[in-house]
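Encoded as structure tokens, the structure appears first; notes follow it.
Where a number appears in this text, it was derived from the coordinates with a stated rule and is not lab data. Bear in mind that the values here come from a model prediction, so they are computed numbers and not experimental data. Here the Cβ positions follow ideal geometry from the backbone for every residue, glycine too, while neighbour counts run over all protein chains shown.
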């Protein structure tokens, strides 16, 4: 097992310097926090992760969560994650004091959870979904529901889940059929089946509070007829006793990775005795759920980037210790009398390591930026600013979720390759990271769905206001970069990529205008790949500007090597990754409609 | 479990029509075979695979080969693969009648093994390595060794392995230290440890014949001091009895995939009683081994492409059966009153399916071409032709091994994505293909090693003769394509890619001339990715030319849909995959040397 899974200096530098946490902390809401107190919080999270998460990472893969006799057995560290993590405020962090929270910025919460995910991605989902479920209750449910259910969720005694997917309704939520029948007693009777429910049941939670989408009898078809309910596994009677609520654990799903994080199949109302409590108004369930979706998507991107971080450091450690082969001399031969080189000295291995570093850190900074936008959206004093940052978050969110998930697979694939045959062996950890990350491009809307959202909604958001705002933000970083000789070239390069983006949009949007939506969106996934590289190029340029400034101003927070290494990785990204946009652009601009031909047997 | 894993029509069309098996069969060596007899052989292999391999594919993953009490236990189908497969001639197929073989072309043997690999990649390695080990004995060892050891190998009663890797010597074979001490009794005493030995031990083989690389005491350092030995697990005494030969099964390696194909750690001579028999001359071991390497690399590429074939058909079957979502109408909305579409109707799903088909079939045809070159290298009556086809095989072999392995990962990744959340679940087979294929880019020389070979040796082979011959072959296909209106565009496109290839070589080779080998080879893996797309583009153009001819000549061997589907997939490859060369070319031509900087802490 490797010894390092995340670079805490990089986390703090991106949070404090690149994303300028201090500017967020000026908000009244965060007046009790400052850079030092946040620093201590992050350090304590790192210690917690070192002690309670990382040492159990392999064990949780080898002893998966499993179904037995009607319930799910999970690893004992789930209890530590929930209860000790709860006590540290890891579940409650983003909430108001009034609701039992710590009023920490999402940027800080994201940095903290990045550490947890990198240490052991099988655990933070339990607390993260509990935060998410509590957030829906706090934001949209009655005071009574909030007071009854959230305190024990925030303390980690109870779990929380999101129950969306049904066997016939995965990406297509409009087809949900779980039924809610009104009664005259303040609750609905729920009946239906939900699948793929993460953290849906386990032996360490006295209760689990499900936030469930269902259709009230007679509701309109499709997404406009879906309501949101609190459906606890154990409901509270009037005297505060817990009664079974007719929620059945039907089975769990065995998976190729993330095996310690249980994925369950739940049945509701088999005995016609499952009570659900409406959250907010009828038929607004999907609306409420989607207001939480940006946070959930930041979390998935964060998990993916963090898994790739763990893999990067494991492969780096191996590369620094493993001798194999020799450097080539000027006649192209190897001197056998020399002892073997460490593999980190071979350029191809260095390429595989830099590729990982570029993806891990480039995506980490982009994720932190999304969290910053979230904080500014909710806490800027100015209404226009709130709108601006909300719009910017909407624009980048599909990439924030997708790039770390997709590039993370590629990144870990390279990390595994660094180990050669050992990378394929269970005794080494790379193969686990490789399996674990694979779920991220499926969670919370697949890459296909994110790509439709990116091109089909976001690129034309508010008649192009969103795209314009995003371009302005990127251009502003380019202008900063142009002030430094060393960065000017990369700034000009990114500027060209923005022009190419516009060219692509001018090519594609007319298809939508003409009503040919199928053609408009056919290559949305290719556009996602293209724009992801542009946005991560932007992320790296931003890191470059901050690093250059740190060097010039004699920032003593880190060694000069630290900043130089960031500039080298920026160069790597611009030399090896960003050029791939050229081919992708050609793919998008090509005249072929081969994927939308259905008139003949193209595929067989 | 899906029901289809390979398209037998495509296998036969590529073998018979695109690679023109009939021309190979004109050789005297193959005079007993004809298209009809080969057809029957392929059909019988398919039936064998349907009956004995495919039904056990998942089971072999779930009950892995494992070490117990000094030996390895494997699934019972290993016995069927070896003994029934042996009886069918699957081990002996390529050998001469005199050596107990069937004198079948490698092209036919490759097509047959493609079917087996696609059905269940955990099994054909056992027979394949036995063929390889027997081949070394038959080609280079004494008549006595051949007569003693090969008959029971070809019948499948005994297994065979290749023992190359040692704990300190993986990619770097010059560092092998396993020792061979001469005696006066016609054998050497062997002592050492070998790891990652596929098929190294199991309960169904009465004996296993290891072909082992070792260093005779006093031999020169490096690759020039390595000799090849036959080291059986049980040696034959003079009366033909089997005696234990001091070969110990130390352990097996648990892996993330291909779990039914055992990977062992073997010890030789722990009790100073391990006899090894020299094959050919002293110190020529690596030379002999590398004469077999092209065959071994064709086999790895074949396995990878075949695994991706299995995955493709599994995801295609799912896409044809799974309803989800609806088609977009001209206002970009979905009509909820319509029933759900099958997911194969969504362009993004079609893209993921065509991507798989393009990679699977494009690589299959390239692999078959390599096997054809092998046959022509060994059986052309004309010496110059033999040299030509040997050179062509040398040129394409790194891509034949690497493209299916690397693109296969990408292909199956897309297959898994077609299934959404189910793709990640163990109940569905995609996750197994995803895990299984990952070893292929490591086997028989990693992608890094293949890339160094491609750029560092092959591109400058015989002072450029190799590159010239390859370009001529590709140009000849381009000229054929230009005869058809529908193909002309793709021909011109591939022609441009050839010019781009030359531009890249003119840029890179001067680094070698100047003695800067490190810079010359630093981006070899990127060049591999570039040239792979060009060669698979060529493969598709060749398929296109054959299909177009079949349509025009009214070829009744298949429905017109079959040929049209090939032309559509050609279009897909040229519209979606080949353009990626543009970005890769820019990466290679960039002036950055970031991966060869070692003077500062770039990577941390």
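Here are the numbers for the structure shown:
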quantity	calculated
Residue in segment B:338-368 that is farthest from the other protein chains (Cβ to nearest Cβ), counting only those that are closer than 16 Å to residue B:317 by Cα and part of a loop (DSSP other than H, G, I, E, B)	B:341
Matching residues in segment A:251-283 - criterion: being free of Cβ contacts under 8 Å to residues at least 60 places away in the same chain and buried (at least 17 other Cβ atoms within 10 Å of the Cβ)	A:253
Flag for residue B:206 being surrounded by fewer than 17 Cβ atoms within 10 Å (Cβ to Cβ) and either touching a strand residue (DSSP E or B) at 6+ places or on another chain (Cβ under 9 Å) or closer than 28 Å to residue A:422 by Cα (or both)	yes
Residues being in contact (Cβ under 8 Å) with a residue 60 or more places away in the chain and either more than 28 Å from the chain's Cα centre (by Cα) or over 18 Å from residue A:590 (Cα atoms) (or both) - total across segment A:498-507	2
Some residue of segment A:568-581 being facing another protein chain (nearest Cβ under 7 Å), within 30 Å of residue B:332 (Cβ to Cβ) and in a helix (DSSP H, G or I)	yes
Subset of segment B:480-492 [within 12 Å of chain A (Cβ to nearest Cβ) and buried (at least 18 other Cβ atoms within 10 Å of the Cβ)]	B:490
Single match in A:113, A:121 (criterion: closer than 27 Å to residue A:312 by Cα and part of a loop (DSSP other than H, G, I, E, B))	A:121
Strands (runs of 3 or more DSSP E) contained entirely in segment A:163-265, each with at least 2 residues that are within 14 Å of chain B (Cβ to nearest Cβ)	A:188-198, A:247-252
Test: residue in segment B:58-80 that is part of a helix (DSSP H, G or I) and under 30 Å from residue B:34 (Cα atoms)	yes
Residue check, residue B:156 away from chain A (no Cβ under 14 Å), assigned to a loop (DSSP other than H, G, I, E, B), within 30 Å of residue B:436 (Cβ to Cβ) and in contact (Cβ under 8 Å) with a residue 40 or more places away in the chain	yes
Test: residue in segment B:535-558 that is within 12 Å of chain A (Cβ to nearest Cβ), out of contact with any strand residue (DSSP E or B) (no Cβ under 6 Å at 6 or more places or on another chain), more than 22 Å from residue B:372 (Cβ to Cβ) and touching a residue at least 12 places away in the same chain (Cβ under 8 Å)	no
Residue in segment A:175-193 that is in contact with a helix residue (DSSP H, G or I) (Cβ under 9 Å, 6 or more places away or on another chain) and closer than 30 Å to residue A:93 by Cα present	no
Top-ranked residue of segment A:424-433 - restricted to ones that are at the interface with chain B (Cβ under 7 Å from one of its Cβ atoms) and crowded, with 22+ Cβ neighbours inside 10 Å, ranked as farthest from residue A:358 (Cα to Cα)	A:424
Filter result (at the interface with chain A (Cβ under 7 Å from one of its Cβ atoms) and closer than 28 Å to residue A:313 by Cβ) within segment B:585-596	B:587, B:590, B:592, B:594, B:595, B:596
Filter result for residue A:222 (out of contact with any strand residue (DSSP E or B) (no Cβ under 9 Å at 6 or more places or on another chain) and closer than 30 Å to residue B:346 by Cβ)	yes
Single residue of B:401, B:458 found to be away from chain A (no Cβ under 12 Å) and crowded, with 24+ Cβ neighbours inside 10 Å	B:401
Boolean, residue B:335 is surrounded by fewer than 24 Cβ atoms within 10 Å (Cβ to Cβ), part of a loop (DSSP other than H, G, I, E, B) and at the interface with chain A (Cβ under 9 Å from one of its Cβ atoms)	no
